[in-house]
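Asker: Sending over a structure as structure tokens; questions will come in a sec.
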Amino acid sequence: MPERLYMVIPCYNEQEVLPETAKRLKAKLEDLIQKGRIAPNSRILFVDDGSRDRTWSMIAELHRQDKLFSGVKLSRNRGHQNALLCGLMTAKDLCDVTISMDADLQDDIDVIDGFLEEREKGCDIVYGVRSDRESDTFFKRATAQGFYKAMKALGVDVIYNHADCRLMSRRALEGLAQFPEKNLFLRGMVRLIGYPSAIVTYKRAERFAGESKYPLKKMLSFAWDGITSFSVKPLELLGVAGVAITVGSLLISLYSVLAHLFGWSFRGWSALMGSLWFIAGMLLTAQGILGAYIGKIYAEVKDRPRYLVETILDE
Ligand code: UDP
Ligand code: MG
């Protein structure tokens, strides 16, 4: 029996690209249904992440015309990770397997074939990995690479060049549902689920239309979230830096005693000022890092909902 597939597509102000995405995904799914690789009641689930443009009315219209399209509307913008989780959790109770992708057609739709092949071999999770980053700007490529390297150095298990394009079985989704955290970094969380998994590579294209919804500020905060949600190394490094500075300052004290004994004139005013400021800076940085973790604990303790669903269109 072919499995019931739900494609999960988070959308935030994607009116420019949505018609094309819907058209291409529909063609792909109809082909797969016809070939008997997925169940005829498979669906394309668009998640509207509180868009301010016509995205939701377009999704509703697609659903009205063709029940292949389903939709979930969040009560407001909650960000890509929350929107994706909402889609996955909505699909969890409706299907056997999900595939998540961005709305902007940057992920190659034909990667679905490879995903399903691995699924047929018994995998619960299949990670889509970009084979290259030619379509990205130099800046995005460099920052992304730096990010993966930093994550690795900090001991976080992430798959290089894997974003949120992946297949997950119902069993894997039920595993994900047991993660209560509010600071979402899905690509790290999914690695913790386990179960048989595989990797399929694909070429990442340029955004088909519209603008990136991930400006630099959001990208940096996402990277920082990823690090602080999955690694306590920065906290440990604070201790290391503290010890190093203490040892360093002992040496400096020793030097100043010697300088006094041997009558070397004291000329270190600027060095003194420099080190003062340096230490003040280090202390503030350390407090900032501590603050970042405490902020996360605060968010987890408040236990607020990650998203609220306003409407579900699914038949
Ligand atoms: N997105 C979202 N909520 C947001 C920002 C983005 O659901 O607050 C969606 C967006 O519609 C797209 C995906 O997340 O489907 C990735 O966003 P984008 O393509 O703008 O990011 P980039 O590829 O530039 O990193
Ligand atoms: Mg994109």
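Asker: Just for the range 124-142: of the residues that are assigned to a loop (DSSP other than H, G, I, E, B) and either open to solvent by 40 Å² or more (accessible area, probe 1.4 Å) or at pLDDT 95 or above (or both), which one is nearest to ligand 2 (Cβ to nearest atom)?
Answerer: At the first step, the residues of the range 124-142 found to be assigned to a loop (DSSP other than H, G, I, E, B) are 124, 131-137.
Now restrict to residues that are either open to solvent by 40 Å² or more (accessible area, probe 1.4 Å) or at pLDDT 95 or above (or both): 124, 131, 134, 137.
Numbers: ASP124: 26, SER131: 16, GLU134: 15, THR137: 12 Å.
This residue is THR137.
Asker: Is it true that some residue in the range 203-213 is closer than 25 Å to ILE125 by Cβ and either aromatic (Phe, Trp, Tyr) or more than 16 Å from ligand 2 (Cβ to nearest atom) (or both)? Steps first, please.
Answerer: So the first thing to find is which residues in the range 203-213 are closer than 25 Å to ILE125 by Cβ, and the list is 203-205.
Applying the additional criterion that residues be either aromatic (Phe, Trp, Tyr) or more than 16 Å from ligand 2 (Cβ to nearest atom) (or both) yields none.
Within the range 203-213, not a single residue is closer than 25 Å to ILE125 by Cβ and either aromatic (Phe, Trp, Tyr) or more than 16 Å from ligand 2 (Cβ to nearest atom) (or both).
Asker: Among (1) modelled with pLDDT of 80 or more; (2) surrounded by fewer than 11 Cβ atoms within 10 Å (Cβ to Cβ); (3) not in a helix (DSSP H, G or I), there is one condition ARG267 misses while meeting the rest; what is its number?
Answerer: (1)
Asker: Going by the conditions given, is ASP164 among the charged types (D, E, K, R) and touching a His at 6+ places or on another chain (Cβ under 9 Å)? Before the answer, list the steps.
Answerer: Numbers: among the charged types (D, E, K, R): yes; touching a His at 6+ places or on another chain (Cβ under 9 Å): yes.
Spelling it out, ASP164 is indeed among the charged types (D, E, K, R) and touching a His at 6+ places or on another chain (Cβ under 9 Å).
Asker: Of all the helices (runs of 4 or more DSSP H) wholly in the range 181-263, which have at least 3 residues that are of a type outside the set (Asp, Glu) and at pLDDT 85 or above?
Answerer: Working: elements: 186-193, 216-230, 233-261.
Helices (runs of 4 or more DSSP H) meeting the threshold: 186-193, 216-230.
Asker: Only one of (1) near ligand 1 (Cβ under 10 Å from one of its atoms); (2) closer than 15 Å to MET101 by Cβ fails for TYR202. Which number is that?
Answerer: Looking at each condition in turn, TYR202 falls short on (1).
Asker: If you don't mind, another one. For the range 74-107, give me the residue count where each residue is open to solvent by 40 Å² or more (accessible area, probe 1.4 Å) and not small (Gly, Ala, Ser). Please lay out each step first, then the result.
Answerer: From the range 74-107, those open to solvent by 40 Å² or more (accessible area, probe 1.4 Å) are 75-78, 80, 93-94, 96, 102; that's our starting set.
Subsequent filtering for residues that are not small (Gly, Ala, Ser) retains 76-78, 80, 93-94, 96, 102.
So the count comes out to 8.
Asker: Scan the range 64-73 for residues that are open to solvent by less than 30 Å² (accessible area, probe 1.4 Å) and either within 15 Å of ligand 1 (Cβ to nearest atom) or assigned to a loop (DSSP other than H, G, I, E, B) (or both) and jot them down. First the steps, then the outcome.
Answerer: Restricting attention to the range 64-73, the residues satisfying the condition of being open to solvent by less than 30 Å² (accessible area, probe 1.4 Å) are 68-72.
Matches in the range 64-73: LEU68, GLY71, VAL72.
Asker: Okay, moving on. Out of all the residues in the range 41-78, which are small (Gly, Ala, Ser) and touching a helix residue (DSSP H, G or I) at 6+ places or on another chain (Cβ under 8 Å)? Quick ask: steps written out before the conclusion?
Answerer: The initial filter retains those residues of the range 41-78 that are small (Gly, Ala, Ser), namely 42, 50-51, 57, 60, 70-71, 75.
Hits for the range 41-78 are SER42, SER70, GLY71.
Asker: Considering only the range 87-111, state which residues are within 16 Å of ligand 1 (Cβ to nearest atom), touching a strand residue (DSSP E or B) at 6+ places or on another chain (Cβ under 8 Å) and not in a loop (DSSP other than H, G, I, E, B).
Answerer: GLY87, LEU88, THR90, ALA91, THR98, ILE99, SER100, VAL111
Asker: What pairs can you find where one residue is in the range 129-140 and in contact (Cβ under 8 Å) with a residue 24 or more places away in the chain and more than 25 Å from SER197 (Cβ to Cβ), the other is polar (S, T, N, Q) and buried (at least 16 other Cβ atoms within 10 Å of the Cβ), and their Cβ atoms are less than 6 Å apart, with a gap of 6+ or different chains?
Answerer: none
To keep it simple, each residue is scored yes or no on (1) open to solvent by 30 Å² or more (accessible area, probe 1.4 Å); (2) within 16 Å of ligand 1 (Cβ to nearest atom).
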| residue | (1), (2) |
| --- | --- |
| SER169 | no, no |
| PHE179 | yes, no |
| PRO196 | yes, no |
| LEU216 | yes, yes |
| LEU238 | yes, no |
| THR246 | yes, no |
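The values are calculated or read from the model by the stated rules, or taken from the named source; none is laboratory data. Bear in mind that the values here come from a model prediction, so they are computed numbers and not experimental data. No Cβ is skipped: glycine too gets one built from the backbone with ideal geometry, and neighbour counts run over all protein chains shown. The accessibility values were calculated without ligands, DNA or RNA, using every heavy atom of the protein model including side chains. Shrake-Rupley method; radii C 1.70, N 1.55, O 1.52, S 1.80 Å.
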